[in-house]
Amino acid sequence: MSTLLTVTGVTKAFAGNAVLQGVDFAIGPGEIVGVIGPNGSGKSTLLNAISGFTPVDAGRIELGGAPLQRLAPHRIHGLGLARTFQLPAMPEKMTVFEVLLAADNRRHGFWASLCGGAEQRAQEAASRALATQWLGELLLTGVRDTPAAALSGGQKKLLSVGCALMGNPRLLMLDEPTAGVHPNLRRDMVAMLQGLAARGIALLIVEHDMHFIGELCQRCIVLDRGRVVAQCTPAQLSQHPQVLQAYLGSEHPVVLEAAV
Amino acid sequence: MLQFLFDTLSRSSDLALIALGLSLVYGLAKFPNIAHVQYAMLGAFASVVLQRAGTPLALALGMASLLAGSLAVLCNLWVFSRLRRQGPAIAMIGSLALAMILVAAALAGHGASPLAYRLPLSAPWVLGPLFVAPNQALAMGVTLAVLLACTWLLLGTRQGRAMRALACNPPLAAAAGLDAERIIHAVHFLGAALAGLGGALLALNTGAYVNLGNDLLLPIFAAAILGGLGNPLGAVFGGLLIALAETLVTNLNIGWLYGQPMAFVPAGYIGAASFVILLLALLLRPYGLFDREVRRV
C-alpha cells in the first residue's frame, strides 16, 4: 500500500518534559486511523506537530514525500493537510456560508484577489459551488445564512469540518470531533466521514469515544506517555497487553470492553 | 441649523478615517494601539512638509498616507509582533511608549510651532445659508471616497473576508491556509495609511502640530469604542456621534441658564464631550452600540 503521511521519530519536549518520544507511524490514502490514549499521552501535541503549530525537536514528517517539519501551518495546509480544533471558535458576525468561503484559500494571490478579473470571478464561483456542496453533505444547508456564532455545538463541529474540507485536503485531522455532539448526529458523522474516506481522503482522528472509534476506524494508534505502544484494529485493542497496561488503573479501563 | 449639520459632518469626516483605522487594527491585532493617533500626526507633518516643498497637494496627501502605513509596518515588525505574544495589556503599554517616542521625534524634528500648508487663501463658498470652506469640502470628499473603497475592500473582496475571518481566531485561520502574519502586516499598513491620510486632511484646517495626535486620542477612542472596537464601519458611525456631541456642546446657547442673551461652552471643553461619551459607552455599552450578539460561553 502506498503511504500518504509518514511520521518518523518525532520528538517534542516542553520545558524538559518529553511529550512525544520518537513517534513512528504511516497512513495511506483513504485510510481512517484513530489516535487514542490517556489524557496527557501526547495526542493533541502530535496533531499540532503534524499541522505545524508546534515545531518538533527532532524527527521527520512527510506528506506525499514532502517534508513538513519546518513549514508554517498555512504552507502545510497548501500541501493538502487540513485539521480541526477541539474548541471551534467561529467568527461571530459572518454567516456559515461566508465562513466556508473564507476557508477556501487555495491558489489566491494577495494582489490578484484585489484586482478582480474574469479568472477571479471564476474562482469565486468555484468556491461558492464547493461551499454549497459541503453545506449539503454536512447537513448545514438550513443554516446557510445564520451567523456562525449562533450555531449549536454539534453544528459548529460540522462547520469546522466543512472549513477543513474547503481546502480539498488529502489528509484531514480531526481533534475530538464528537465531544459534546448528540448521539444521533454522531451516527451521521460516522457515515459522513466514511464517505470522505471513500473519496480517498485519509482521516486521522483523535477521539475519546471508543464506540465512535470502533465503528469508524480501520486502525488505531495507541499513545502512552509520548510513545506509540500499539497499532491494531479497534477490535484487537482489548487483547493488547500494552494497551491494557496504558489504560488499566489510570482512567477508564471499562471503555476498552465497549469497543469490542 | 443646516450649518450645524454641515459642521457635524465635517468634524465626523475628520474623525472617520482615523477611527476606522484604529478599529480595523484592533479587530485583527486585538490590542488598542495608542500610537495610532500619532500616525495621524506624522501623516499631517509629512503631507505639510511635502506640500511646502513644492509637491502637489494630492500627491503630498497620498505620499503621507503611504509613509504612515510603511512606518506602521516597521513598528509592527519590530515592536508589536513581539509584544502581542505577551498579551494585549503589554502591547497597549508598548504602544503608549511608542506614541511618546513618536511625539518626541516630531518635537525634535520640527519643534513645537504648528506648520501649515502653503495654500492660497480662498473665500468660503456660500451655498444658500451654508458657508463651506473649499478645504473642508476637499477633506470631506476624499474621506467619503476612501470610506467607500474601504467598505468595498472589507465586504466585497476575498481579502476583506479573510481579514474578518482572521479577526476571530488566528489558529483557525492558519489551519485554513491563511498567512496570518502577512494579513496582520497588511492591516497595520492599511490602518496607519488611513490615519496618515486622515491627519493630513485634518491639517488642511488646523495645520500640523505636535499635539495633533494627542488631541485626537479621546475622540478617536470614544468613536471606536462606541462603534464596537473591531467593527470598522461602526467606528465611522461612532465618529459621527462624537462629532454631533462636540458640535452640539460648542454651538448650544446656554445663555438662559445665566439669564443672558448668549453664552456658550468654551471651545476648550470640546474634549470633555467625547470624554463623557467614552465613559457612558464603557459603562452602558462596552461592546459598542451595534452589539446584538448573545455571548455564548
Checklist line | All positions within segment B:102-132 that are in contact with a helix residue (DSSP H, G or I) (Cβ under 9 Å, 6 or more places away or on another chain) and part of a helix (DSSP H, G or I) | finding: B:102, B:103, B:105, B:106, B:109
Check: If we keep just the residues of segment B:130-162 that are within 14 Å of chain A (Cβ to nearest Cβ) and touching a residue at least 40 places away in the same chain (Cβ under 8 Å), which is nearest to residue B:207 (Cα to Cα)?
Finding: B:150
Next item on the list: Check whether at least one residue in segment A:73-84 is of a type in the set (A, V, I, L, M, F, W, C) and more than 13 Å from the chain's Cα centre (by Cα), and report yes or no.
Entry: yes
Margin query: Given the condition away from chain B (no Cβ under 14 Å), over 22 Å from residue B:172 (Cα atoms) and β-branched (Val, Ile, Thr), answer yes or no: does some residue in segment A:49-64 qualify?
Written below: no
Note to self: Is it the case, given these coordinates, that residue B:189 is under 23 Å from residue B:99 (Cβ atoms), touching a Gly at 6+ places or on another chain (Cβ under 9 Å) and within 14 Å of another protein chain (Cβ to nearest Cβ)?
What the structure shows: yes
Notebook entry, point to check: Restricting the first residue to segment B:73-85 and requiring it to be modelled with pLDDT under 90 and buried (at least 16 other Cβ atoms within 10 Å of the Cβ), which pairs with a second residue that is among the hydrophobic types (A, V, I, L, M, F, W, C) and not in a helix (DSSP H, G or I) meet a Cβ separation below 7 Å and a spacing of at least six or different chains?
Noted result: B:84/B:31
Item checked: Residue within segment B:102-121 that is away from chain A (no Cβ under 11 Å), among the charged types (D, E, K, R) and within 27 Å of residue B:13 (Cα to Cα) present -> yes
Next item on the list: Go through segment B:230-268 and count every residue that is surrounded by 13 or more Cβ atoms within 10 Å (Cβ to Cβ) and assigned to a helix (DSSP H, G or I).
Entry: 20
Next item on the list: Being in contact (Cβ under 8 Å) with a residue 12 or more places away in the chain, in a helix (DSSP H, G or I) and surrounded by fewer than 19 Cβ atoms within 10 Å (Cβ to Cβ) is the filter; apply it to segment A:136-174 and report the residue that is farthest from the other protein chains (Cβ to nearest Cβ).
Entry: A:137
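The values are calculated or read from the model by the stated rules, or taken from the named source; none is laboratory data. Values in this document were obtained by computation on a predicted structure and should not be read as measured data. With ideal geometry, Cβ positions are generated from the backbone for all residues, glycine too; neighbour counts draw on all protein chains shown.
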